[in-house]
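What follows is a single structure, written as structure tokens, with notes after it.
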Amino acid sequence: MFNEQKEVTRPKDEDVIKAKNVGVSFINRNQDDYKSKIIGAFKKKKTDEKKMPKEIWPLTDINFTGHQGEILGIIGSNGAGKTTLSKIITGILEKDKGHLKVDGKVTALFSFGMGFNKELTGRENVYLNGMMLGIDRDVINHYIKEIHDFSDLGDFIDQPMKYYSSGMKARLGFSVAAHLEPEILILDEALNTGDARFSKKAADKMRELVKRAKIVIIVTHSLRYARRNCDRLLWLDGGVVREDGNPKEVIKKYRKSVPPQPKRKRRRLELKKTQTTIGEKPIIKATNMGISFHLSSGEFWALKNVNFTIKEGEVVGIIGHNGAGKSTMCKVLTKILTPDEGHVEVNGETSSLVGYGTGFNAQLTGADNIFLNAMLLGVPKQRVTEKYDEIVEFSGLKNAINKRVKEYSSGMKSRLGFSIAATLKPDIFIIDEALSTGDLAFRQKASERIQDMMERSKAVIIVSHSMNFVEKVCTRAIWMEKGQVVLDGEAEEVVAKYRETMQGTKKK
């Protein structure tokens, strides 16, 4: 009725993937659809529609071999071609030159939640994803309990995915892809929103997978994760493989390629904490705040008895495992959700960046989406026009700003989303995992921008699974578990306590 997964003995030097001089090109025609034309009315300068189509080669000359039984990592800056290469291996894109041999059935997980239907339950999405991967329903029936248990979703498995946090989507997506008999598993930024506990669990699962599957490929911006979990790394740069080899050595060379940030008189990223003056005026005050959802098993409190006060000038990191209530709290502060009990006071206009690409229209260009996102944030057209060039410059997407967002990598969406929100100077800036896909150079630049924003903003709130990032940028941290505040205090102290609870996870 189903195919039992059995460990298969294969020669260790068997080539699973072989790419020789592989390249792919896109034609940028700059042709607006009707949505683009509507948004274009809000722009000060219109794109020159008479421009000749331009041929773009995101990959020019890719050469590498993927071996049986290895976990192969792919790193590189945003726009280096990592996602494009993943799509060629999976057959989503067709190469325009060179030769590619893929020996096996490919299962791919592109970023968190891609392919999920938010109106369906998690369980229904397991079947939907499985069938999209060509898996027989009987096989899915056999593994559904293991998938449910591994994802740690509990009763949420039977709730619509529109109620899931980004971390919950990531856990379910990985659980589906890892359990349904993959031969070649590609994870493209799929675990960026996973907490340390689930990341270790996923790493152990991948080690188990390569014993009976053929190869696991991980596309990631987390150099720490790549070094710990990959047997070999490819560094993509400018459409070619710049380095191929030992993770430690490849990462060392990659780090040297990142341009150093200019010296600053007032603040440096090297400071352990942001230097800012904290006032006495409360900007956000939560009193016995609670949010409940009605699940099939009964009432579930995503937040319960939450109390905290954020004062003017603070940079607050919100940490905790997946499903702790972090994203739910952000939605309350931005008035997307209303508390079911208690209350919250917010003294200022909030600008929220909830995950990368949230609010983007994939059919519109990056330029169009700048104006669209600003409108959604309630920012006047004149102010957006004045800041347009600064947003584009900060994002580093000048050469791609007139491409449709559907052609952007997750990292490019992350850079543009952050640049829009940060440049438009919000009173209260909330960032929920929005920088999880940013490359090393952009994370450094974004960190400094967050610190600079304290001169203009009343408060900054950052939801992140990167403890190192929270320690460097935040003045304070709030640790949440099961919808409640476990610890609230100095960022370094709270992070240290949180790390102590993560068994088997080494200090970053």
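The values are calculated or read from the model by the stated rules, or taken from the named source; none is laboratory data. What you see is a predicted model; the values in this text were computed from it and never measured. Neighbour counts are summed over all protein chains in view; Cβ atoms, including those assigned to glycine, are modelled from backbone coordinates with ideal geometry.
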When you go through (1) within 18 Å of the chain's Cα centre (by Cα); (2) at pLDDT 75 or above one by one for VAL392, which number turns out not to apply?
(1)
Within the set of pairs 6 or more residues apart or between chains, which connect a residue that is surrounded by fewer than 23 Cβ atoms within 10 Å (Cβ to Cβ) inside segment 309-330 to a residue that is among the hydrophobic types (A, V, I, L, M, F, W, C) and in a loop (DSSP other than H, G, I, E, B) with Cβ atoms less than 6 Å apart?
LYS311/ILE278; GLY313/ILE278; GLU314/ILE278
Among residues of segment 224-247, those that are part of a helix (DSSP H, G or I) and modelled with pLDDT of 85 or more, counted
5
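Table: residues versus (1) more than 27 Å from PHE293 (Cβ to Cβ); (2) modelled with pLDDT under 85; (3) in contact with a Pro (Cβ under 9 Å, 6 or more places away or on another chain).
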position	(1), (2), (3)
SER77	yes, yes, no
ILE89	yes, no, no
LEU100	yes, no, no
PHE112	no, yes, no
GLY130	no, yes, no
VAL139	yes, no, no
LYS145	no, no, no
SER166	no, yes, no
For ALA213, indicate whether it is small (Gly, Ala, Ser), modelled with pLDDT under 80, in a loop (DSSP other than H, G, I, E, B) and touching an Asp or Glu at 6+ places or on another chain (Cβ under 7 Å).
yes
What are the residue pairs meeting all of these: first residue in segment 119-147, first residue over 17 Å from ASP158 (Cβ atoms) and in the same structural domain as SER175 (by TED's automatic domain parsing), second residue hydroxyl-bearing (Ser, Thr, Tyr) and part of a helix (DSSP H, G or I), Cβ atoms under 8 Å, and 6 or more apart or on different chains?
ARG137/TYR127
Just to check your reading of the model, which residue among ALA302, ALA324 is at pLDDT below 90, part of a loop (DSSP other than H, G, I, E, B), of a type in the set (Gly, Ala, Ser) and within 30 Å of ASP155 (Cβ to Cβ)?
ALA324
Could you please let me know if ARG499 is of a type outside the set (S, T, N, Q), modelled with pLDDT of 75 or more and under 18 Å from LYS311 (Cα atoms)?
no
Residues to consider are GLY91, GLY66, GLY73, GLY79; find the one that is over 25 Å from ARG227 (Cβ atoms) and within 27 Å of the chain's Cα centre (by Cα).
GLY91
Selection count, segment 379-406, where residues are within 23 Å of ASN78 (Cβ to Cβ), assigned to a loop (DSSP other than H, G, I, E, B) and of a type outside the set (S, T, N, Q)
6
